[in-house]
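The values are calculated or read from the model by the stated rules, or taken from the named source; none is laboratory data. Keep in mind the model is a prediction, meaning the values are calculated, not measured. Here the Cβ positions follow ideal geometry from the backbone for every residue, glycine too, while neighbour counts run over all protein chains shown.
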Amino acid sequence: MASGKMITPGKIVKGVPAADAKSLIRRGKAKPLNGDVIEEGETDEAPALEELTVDELKATAEEYGIENASKMKKAELITAIQAAEAE
């Protein structure tokens, strides 16, 4: 996810891994440029939280400002992210 850097709203960012981009779009943190790019064989849906690695979940949790994410287990991260998405 953008190497932990804050991105100014409206700025075009290139080179974001597809999974990260889809996650950001799904959560409303980004939008595709010109109805942009879905590679052949891919869907426009982000992977379910359960499919993400612990490191990916920790990065997502940090984006939501979830405290102590670095110490959480996978199930705890998923629960915390789901709660943050529901807010």
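Summary table below
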| read-out | value |
| --- | --- |
| Tally of residues being modelled with pLDDT of 90 or more and either at positive phi or among the charged types (D, E, K, R) (or both) across segment 63-87 | 7 |
| Segment 1-49, subset of a type in the set (Lys, Arg) and more than 21 Å from Leu77 (Cβ to Cβ), residue modelled with the highest pLDDT | Lys31 |
